[in-house]
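Here the structure is laid out as structure tokens; the discussion comes afterwards.
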Amino acid sequence: MEIPAPRLSRSALAAFLWIGAAGAKPQEQFEVASVKPVGGGTPPHTVNLNVDHDKVSLDAATLRQMVGFAYTIQRIRVLLGPSCPEWADREEFDVVAKAGNPNLTRDQARVLLQKLLADRFQLKVERSTQQLDQYSLVIGKGGSKLREASAEGPRGLTPTLRPDGGWTLTIRRSNLVGLINTIANFTGMPVKDETGLQGEYDFEVSFQRVWEDTSENAATGPTLFEAVEKLGLKLVKSKGPQEVLTIMHAEQPREN
């Protein structure tokens, strides 16, 4: 009896063809990519490397932020070299690219983003190791007070600058990566996650200022460090070797 050949769905066939092509030669660059400057200032926001099947995007990201995503390193450890233009940490860009791989992973997207930055921004970077002040996020003596995330709803970290000058970070259905990167940006120091917490959580971090201020006209309210401790976590300062990435050269992006 003749056995009929199995039928592949369109998505499965596309994935199969991609695997065959990728096995022969890894993809070296995006099929198409758009890099457009964002006009005017944008409100406080988080920047993410968004990977959706074969589409990759970043919204309102500086070159320094894009380098951090491309090379998997905290923005605070991306340094501006003596020949690096100041706009690399100021001007924002929207990036939309298509890879052609319906099963693109984040690691693959990072490699393609490195090539895109080199082509469009003429980016040149150098790696090195430096002794830096740093913070470690650890669990406090009383244990973590984070609550597990709800099954539905928005996902991510939203920063809000309040009318009183303080900040509220709203985290929904997320791990601690966003919080750790945000703390690094506020403190200007690298932050390591040593909590061991692997889940997704819903929580808020509200603080009036980053550092303790004992001056007469200082604003009242918790510091960032005190707000973190309310979560059952703690920031511990130390000094140690950190890998840094220095932007040695960059130019305004070439036309799409």
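The values are calculated or read from the model by the stated rules, or taken from the named source; none is laboratory data. Given the structure is predicted, the values throughout are model-derived calculations rather than measurements. Positions of Cβ are backbone-derived with ideal geometry, glycine not excepted, and every protein chain shown enters the neighbour counts.
Cβ-Cβ contacts under 8 Å between residues 6 or more apart (or on different chains), taken from a first residue in segment 222-235 that is hydroxyl-bearing (Ser, Thr, Tyr) to a second residue that is at pLDDT 95 or above, are listed as 223/207. Per this entry, residue 59 is not counted among residues that are acidic (Asp, Glu), surrounded by 15 or more Cβ atoms within 10 Å (Cβ to Cβ), touching a Lys or Arg at 6+ places or on another chain (Cβ under 6 Å) and at pLDDT 90 or above. Taken together, the residues in segment 124-146 that are out of contact with any helix residue (DSSP H, G or I) (no Cβ under 9 Å at 6 or more places or on another chain), of a type in the set (Lys, Arg) and under 30 Å from residue 249 (Cβ atoms) amount to 1. Of the strands (runs of 3 or more DSSP E) lying entirely inside segment 21-132, the ones with 1 or more residues being farther than 15 Å from residue 247 by Cα and free of Cβ contacts under 8 Å to residues at least 12 places away in the same chain are found at 50-52. Condition first: on the phi < 0 side of the Ramachandran plot, crowded, with 18+ Cβ neighbours inside 10 Å and under 18 Å from the mean Cα position of the chain (by Cα). Can you find one or more residues in segment 193-213 that meet it? Within segment 193-213 (the criterion being on the phi < 0 side of the Ramachandran plot, crowded, with 18+ Cβ neighbours inside 10 Å and under 18 Å from the mean Cα position of the chain (by Cα)), the answer is yes, since at least one residue qualifies.
The residue list 165, 140 contains one member that is over 28 Å from residue 50 (Cα atoms), touching a residue at least 40 places away in the same chain (Cβ under 8 Å), outside the structural domain of residue 78 (by TED's automatic domain parsing) and touching a Lys or Arg at 6+ places or on another chain (Cβ under 6 Å), which is 140.
Checked against (1) farther than 24 Å from residue 158 by Cβ; (2) modelled with pLDDT of 95 or more; (3) surrounded by fewer than 16 Cβ atoms within 10 Å (Cβ to Cβ), residue 94 passes all but condition (1).
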